[in-house]
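Some notes on the structure that comes next.
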Amino acid sequence: MKLIMLGPPGAGKGTQAARLRDALNIPSLSTGHILRTAIKEGLGVGPEAKSYMDAGKLVPDEIIIRVLKDFLDKGENKKNDYILDGMPRTLSQAKILEEMGIEVDAVISMEMSDQAIEDRMKWRRECPKCGAAYNLKTLRPKVEGLCDDCKEKLVIRDDDKPETIRTRLAAYHKVAEPILKFYKDKGKVISVDGSMDIEESTAMLIKILERLD
């Protein structure tokens, strides 16, 4: 099964992608995490992507497609099941996926109001090593301030600053509508309320996906 996770920043798509990855035992590609890691290490597409991400803008298609192709070049990912977390980010990327012969089974759209997202993202933290996401209100680490897996000190992402959040939300809304219409016309979209309890959302999605499999 090939899944796409879409939604505005902070709506929970990364959290649900990770939970579905573990529950379904399939790999996931988070373009956001890969880009942030590349920026931190100054490798690959990192330097090219940094100026866009720091400004809250969408990274150009050609960079995102390079990240995807690197992921698919790993033999275990090319024909098997996987989750694309936060991709496609533009309608042209959605069409490129189709041209590449990628048959998408479902597009999970996490939906939430901008105000609720701004309130939530004040509490968001991330592991700088593995990219695991936490929320100091709703998804706390086992040990305060530390990643459950890596034991690294959690940090606030640069693109979670209030002024950047608003820019990112505006950029997302501008491109999301045509992407969702593209997949709705194919009957692929599953809409999820991003404010739902995390475990309830995962359980609901697994039941829906089991019926599709």
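The values are calculated or read from the model by the stated rules, or taken from the named source; none is laboratory data. Here the structure is a predicted model, which is why all the values come from computation and not from measurement. Positions of Cβ are backbone-derived with ideal geometry, glycine not excepted, and every protein chain shown enters the neighbour counts.
Annotations for the structure displayed:
- Residue satisfying condition, being at positive phi, surrounded by 23 or more Cβ atoms within 10 Å (Cβ to Cβ) and at pLDDT below 90, within set Gly44, Gly10: Gly10
So that you can scan it fast, the table gives a plain yes or no per residue for (1) of a type outside the set (A, V, I, L, M); (2) loosely packed, with under 12 Cβ neighbours inside 10 Å; (3) modelled with pLDDT of 80 or more:
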residue: Leu24; (1), (2), (3): no, no, yes
residue: Ile39; (1), (2), (3): no, no, yes
residue: Glu48; (1), (2), (3): yes, no, yes
residue: Ser51; (1), (2), (3): yes, yes, yes
residue: Asp54; (1), (2), (3): yes, no, yes
residue: Asp61; (1), (2), (3): yes, no, yes
residue: Lys69; (1), (2), (3): yes, yes, yes
residue: Asp73; (1), (2), (3): yes, yes, no
residue: Asn77; (1), (2), (3): yes, no, no
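- Arg211 being among the basic types (Lys, Arg) and under 14 Å from Gly7 (Cβ atoms): no
- Test: Met53 is within 15 Å of the chain's Cα centre (by Cα) and in a helix (DSSP H, G or I): yes
- Boolean, Tyr82 is surrounded by fewer than 20 Cβ atoms within 10 Å (Cβ to Cβ) and of a type in the set (Phe, Trp, Tyr): no
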